[in-house]
Structure formats: C-alpha cells, structure tokens
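The block underneath contains the structure these notes are about, expressed in structure tokens.
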2 protein chains.
Amino acid sequence: MSEERILLAHGSGGKLSHDLVEQLFLKHFDNPVLLQLEDSAVVDIPPAGASTLGPVALQPRIAFSTDSYVISPLVFPGGDIGKLAVCGTVNDIAMSGARPLWLSAGFIIEEGLLLDDLEQIVASMAATAAGAGVQIVTGDTKVVDRGSADKLFINTAGVGTVPPGVAISGDRAQPGDTILLSGTIGDHGMTIMTQREGLQFASPLESDCAPLNGLVADLLDALPPGSLRSLRDPTRGGLATALNELATRARAGIEIDETSLPVREAVRAACELLGLDPLFVANEGKLVAIVAPEAADLALATLRAHRYGQESTIIGRVVETHPGRVVLQTSLGARRIVDMLVGEQLPRIC
Amino acid sequence: MSEERILLAHGSGGKLSHDLVEQLFLKHFDNPVLLQLEDSAVVDIPPAGASTLGPVALQPRIAFSTDSYVISPLVFPGGDIGKLAVCGTVNDIAMSGARPLWLSAGFIIEEGLLLDDLEQIVASMAATAAGAGVQIVTGDTKVVDRGSADKLFINTAGVGTVPPGVAISGDRAQPGDTILLSGTIGDHGMTIMTQREGLQFASPLESDCAPLNGLVADLLDALPPGSLRSLRDPTRGGLATALNELATRARAGIEIDETSLPVREAVRAACELLGLDPLFVANEGKLVAIVAPEAADLALATLRAHRYGQESTIIGRVVETHPGRVVLQTSLGARRIVDMLVGEQLPRIC
C-alpha cells in the first residue's frame, strides 16, 4: 500500500498528467484506440446490414471525445464554463478531422447555486453549440451537498463523423513538414490568472475560447488530400506541451522560431509580471496544424481567411534530428530545448 | 433576478429534476432528439459516401448517453463508483435497444486522493467494461484543490449502435401491453443508505449494480420484431419514477400489482426501519420492459434464463384509463396512485 496521493499537477496536462495516463489509465484501459492518445478516439461503426454497405474502407467512422470543466471563476472575460465546455469538446473532435455533430452535457451542481446563474451558463452553452453547428442531445444533472463541489462542474462528451479518406493524427507528421499556429498564445490562461489575482492591464485580456471546427473544415476543403497531417489544440500545458506530444507521436524533432510566435502585449506583460512563459499557458481557441511543405502557403491563407485564424503564422517545421524533442530558436539566436509543462502552473484553468 | 437556488432534490431524479429539465434545459437546448427524454439519444449517422450506402432506413444509427457519478461512499457492498459508472451508462444505452460499444471516462479528482484508491476504482471500471463487452476509448482527468470536490466524481458517456429495425422508446407502449421487471427492487439504494447510517442486518445488503446489455440483447433476439416496446432502468427515483415516465411518454395508464413486486427481506426490513418505500429506492441492475401481450411469456422466460434476470416477474400492464398515471393494486386489494418521487430521498446515491 503506497501513500502516494493525487496532486494538483496530475491535472495540469503536463508531465504528471502524462505519467498518470501512462502508468494508471493505459495500464487498465488497455486498447488500441485509447493507446493512440489523440484528442479524440476514432472508431469504425460496424456494418448494420452488411449487404447494404460498401467496402470496409467506406464504413462510417466516428470521433468520440470527452472533457470535464472545473474552471474557476465560472464567468470570465470572453466566455464562461458553458461556452468553454462546448468549445473544448468540439475542438477535441475537430482535431481528428471529424465534423462534430452531437454533444452530451453532464452537470455536477453544488447545492445552493443560483438558478439564474445556472440558466445564464446553459444559455451560453446553447448559443455556442448553435454557433458551432452541434446539438446537445443528451444530458444528466447531479446535485451534491454544499461543500462537496465548487459551484458547478460540467462534463461534455461529443461525437462527430470522420469524412471518408480523412486520416489526421500525430504520427502522420514527417520531417520537412511545416507547422502552423492559428493565432496568439496564452490569452485564455492569462485571462483566468489575472482575474483570480485581481490584476488590471491597459488593454484588457480576454479568453480566446472559440469553436475551431469551421477552421478545420476549411483546411480539409482547401488542401490536397493527405497534406494535412496532424492537428492539436494547445490547451492545458500550452503550446509547449502540445508540440512535445506531437514530436513524441511523430518520432521526429520539432523546431520552432521564437520570433514567429504571436503573443498579445497584455499577455506578455502579465506573463512577465507573474514570471510565466506564454509557451506553457493554456489556449482555448487555437490550433497547431502540421502540413506537407508544399501545402503550407495555402494552409496559411486558408487559416487567415477564417475569423478564428486571422493571426495565423508559420511557427516552425518537423525535423529528422532530435526525435521527440522540441527545440526553440530564440530571438537572440540561441537554441533551447522546450520541455513539457512540469508541475502545475494554474489549477482549474479549464 | 430571482433568488431561487438549486436544492439537493433537483438531483433526485424525481419531480424537481423533471422540472429543471423541462423549464431550463429543454428551454435552451431545444432539439427533437433531446425532447424525447429517453435514457439515451438515438441519432442517424449521416451518409459518408452517399453512393456506397443503402436506403436511408438502413443508415447506421447510434445511441449516445451520459451520466456523472457522485456516489458516496466510493466503495460499497456489490460495487464501487467505477463499476457503477460503467454499468450506468451501458444500461442507459441498452435501454434504447442499442448495443453499447465505446465509453468515455472523465475523472474529477480532489487533490489528496490516494493513488491506490484511484487505481482500485480504475481497475474495477476496466473489469466491468470487459465483462460488458465495451471499450473505454477516450478520457480526461481534472484535479481540483482540496475542499472543491469530495474525493472523486466520474462521468462516463457511451456510444452504441442501434440494430436495423429496432425501435424502442417510451411512446411505443400501448394499452394491453405487459410490464415486466427483471428482479428485486431497492437493493442499490438501501445498500448505500444502510452503509451511510451504519446499520447492519442479518442478511447483508448488496447493490444490484450490473450491466444489462446482455439481457436486452437476449430479449431482442428472442422476441418477434416490434413486440419489445419500451425499456427503462429504474435508477434515481426508483421503479415508481420510471413507471411514471413511461406512462407519461405512452400517454396511457399503468397498473401494477403490489404482491408481484419482488423485494428482498433485508431491503424490506431496512425500508421499514427508515420509513422508506422500496418503490422509490434506486436500482442499478434492473430493467422494466413493456412487451406486446402475446410476447409476455417468452419475454419472461428469456429474462429468467439470464444471470441478471433470474427473479424476473410480470408486474402489471398498460391500460387505456387514467393516461399518464400509475396505479398500484395493494396486497389488501386497495388501489392507490403512485406518484413520482417528490423531494430527495437520498443524495449522492449514484
């Protein structure tokens, strides 16, 4: 019997989260789909009436994903837990190239929550779902006694359909591929952190919380088949952690250029004040796309044409050297290894 | 601005839960699938490659459902929160006649939980999933600071495929149909309640927590097409609430015979001691099936042949009179209306 206990950092999305997944969840929930460790699971729908369906390669595939949201405060500049709960799961499904269609919503409510506060959040979920083109089709509500939860937690799970021929995953990235980022980093995390610390800046911070399925659909429409290799949304653990996961999955190195990384001035100022690196700060409306080099310009133009990708940039490339490692070329010309987030930067950010 | 607040009874599965769903969730999440208010949502997978698929009626359909589990204590006779989280969602999917295939698992963990305790529960989930023939394919872990949750909450969502031609829902029950129950009532709820109260009985109580997808598959195999009308698992709010939901959905009356209801002696004793009616106590391994009258004997034999249905009985029938009402014929020959659960009998039972 060990006395080891769960720490906040086990939920950070960083190193300890990965250890927990690998040493506990994968040990017991051992199956090839979960082992992929993608943002969502892609599974084949078995044939319903065999004679009426085409070849196996054209069987419908669905993507399935879940996230629980425990963010504090419940409402913040740019969003609330309801908007976040819809966007987060929509985005996880979109990162497999799937078209998100249906969401479930599970509410865990602390006794005493104002009904009006709950209604505001439910209305926000509904509006966000409508904007993203998904339906909330099933749900559940549990109420726990006062002190057994903090106001409201929401779980969403989502199901989407994977278009025929689409195969997007971390292990498809190849040396030579180009890495794009759909906009500024750190907005969500620094918004939550400055809210909690009561900090004010000249230009107000706002969460980037947004549904990215439209952006992904545009990329799939625009790019030649097969040239969109990998997608990931850099949420908990930030861009650094997402790139490390991609490098590991691709068994290749990643090089990024620090000067290419878009960071809002207010985010930069808040990070400096609090001693944080925006590379490790959570985003909720950004994606990293790895594309074949010949498709990079078209991918960039496609992203920039979308309202949620106007500030997209090319941030680096996949390389053969240092497989599994992310290397940053700093603005001063130095090179440093960028690790996963270690420890917990900010609990309950999503 | 109203000062109305969420009460424990909003999570009871009874009257206030229904009001919350109808007045808040359905108001905002307005769509025809959610409006069905079945245990799971049944949706059509849109055609992937139109030319390769058959007629629309043969398009694959999936069932999708979610539940959060907040039970206290985490481990109890007959199960634990992990086993419950798998069975509960498997059963909700099975109640639409679907074959559950994939689960998601979302963990909300209070900082400080012993890793060994978490591992015991994860191992139990894995064993239960294997026993039920489902795979846990995607997941999420959040950790909240000490005091912001009570040890561990688990959300599971599930996806299953609905076999072609199967259409099972509350509104398909017709006057004349027979109502079957797959075994004793009140075992789960009274187990949890006596654990919390520290009560001991001569014959120990044990939760009935079990996956019912095998039972449903056997019914579908055995009965003539169309004769299995409705299925429901009487969880929160007990058999009384499940029957009221069925009567409402069917716009028909339901009559049940009190002497036919199987209740274990220890459950009866615990209910008497605590002043509770087993009709309102939660079950986690029982189903109510409404079948065409000519299929009743075959349905009963099929249920009894299964390990989870050995104590199945016919408990009543659907009638034309008193639509939406459940009437109980008591052992003394009196008739009384059985309402939904009003108020909260026992918080955090599942």
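The values are calculated or read from the model by the stated rules, or taken from the named source; none is laboratory data. Quantities reported herein were computed from a predicted structural model and do not represent experimental measurements. Quick reminder, even Gly has a Cβ in these numbers, built from the backbone with ideal geometry, and neighbours come from all protein chains shown. What goes into the accessible areas is simple: the full protein's heavy atoms, side chains included, and nothing from ligands, DNA or RNA. Shrake-Rupley method; radii C 1.70, N 1.55, O 1.52, S 1.80 Å.
Expected output is a single nm value to one decimal: the length gained when fully extending between B:Phe201 and B:Leu298, i.e. 0.36 nm times separation in residues minus the C-alpha distance. What is it?
Numbers: separation 97, 0.36 × 97 = 34.92 nm, distance 3.64 nm.
The B:Phe201-B:Leu298 span can extend by a further 31.3 nm.
With N residues in the stretch B:82-168, what two-decimal value do you get for its Cα radius of gyration over 2.2 N^0.38 Å?
The stretch B:82-168 yields a ratio of 1.22.
When chain B is treated as a GNM, springs tying every alpha-carbon pair under 10 Å, which of B:Ala334, B:Ala295, B:Ala157 comes out with the largest mean-square fluctuation?
Residue with maximal mean-square fluctuation among B:Ala334, B:Ala295, B:Ala157: B:Ala334.
Residue separation times 0.36 nm, minus the C-alpha to C-alpha distance between B:Gln329 and B:Ser260: what's the value?
On the way: separation 69, 0.36 × 69 = 24.84 nm, distance 0.99 nm.
Stretched out fully, the B:Gln329 to B:Ser260 stretch lengthens by 23.9 nm.
Say we join alpha carbon atoms closer than 10 Å with springs in a Gaussian network model of chain B; which of B:Ala240, B:Ala269, B:Ala129 then has the biggest fluctuation?
Greatest mean-square fluctuation among the candidates belongs to B:Ala269.
Compute the FRET efficiency between A:Gln174 and B:Ala127 as 1/(1 + (r/R0)^6), taking r as their Cβ-Cβ distance and R0 = 35 Å, and round to the nearest 0.05.
0.30
If you put +1 on each Lys and Arg Cβ and -1 on each Asp and Glu Cβ, how big is the dipole of the stretch A:108-157 around its Cα centre, in Debye rounded to 20?
Values: 3 positive and 8 negative charges, 36 e Å.
Using only the charged Cβ atoms, the result is roughly 180 debye.
Could you work out the longest stretch of chain A that avoids the trypsin sites (Lys or Arg not before Pro) located in DSSP loops with at most 16 other Cβ atoms within 10 Å?
With a cap of 16 other Cβ atoms within 10 Å, the longest stretch comes to A:1-145.
Step through the table entries A:Lys27/A:Lys151; A:Lys142/A:Lys286; A:Lys15/B:Lys27; A:Lys15/A:Lys286; A:Lys286/B:Lys151; A:Lys27/A:Lys83, compare each Cα-Cα distance with 30 Å, and write down the pairs that go over it.
A:Lys27/A:Lys151; A:Lys142/A:Lys286; A:Lys15/B:Lys27; A:Lys286/B:Lys151; A:Lys27/A:Lys83
Divide, for the stretch B:237-350, the radius of gyration over alpha carbons by 2.2 N^0.38 Å, where N is the residue count.
1.09
Across the residues of B:98-111, average count of Cβ atoms on other protein chains within 10 Å?
The mean count of partner-chain Cβ atoms within 10 Å per residue comes to 6.
I need the P(r) histogram for the protein assembly as shown: all alpha carbon pairs, bin width 20 Å from 0 out to the longest distance, whole percents.
Result, from short to long distances: 18, 51, 26, 5, 0 percent.
Given the rule -39500 (n - 2.57) for each run of at least 4 DSSP H residues, summed and divided by the residues of the protein assembly as shown, what is its mean residue ellipticity at 222 nm, to the nearest 500 deg cm²/dmol?
Helices in the protein assembly as shown give a 222 nm mean residue ellipticity of -8000 deg cm²/dmol.
Shape call for the stretch B:270-325 from the C-alpha gyration tensor, a ≥ b ≥ c root eigenvalues: rounded (a/c under 1.5), prolate (a/b greater than b/c) or oblate?
Cα axes put the stretch B:270-325 in the oblate bin.
Any idea what the A:Gly133 label distances to the other copies are, label 7 Å down the Cα→Cβ vector, nm, shortest first?
3.6
Please calculate how many Å² of accessible area the stretch A:170-338 carries per residue, with a 1.4 Å probe and no DNA, RNA or ligand atoms counted.
Per residue, the stretch A:170-338 has an accessible area of 41 Å².
Taking a ≥ b ≥ c as the square roots of the Cα gyration tensor eigenvalues, with a/c under 1.5 meaning rounded and otherwise prolate when a/b beats b/c, else oblate, which class fits chain A?
Note, shape of chain A comes out rounded.
Going by Cα centres, the stretch A:229-247 and the stretch B:71-100 are how many Å apart?
Each part's Cα centre sits 33 Å from the other's.
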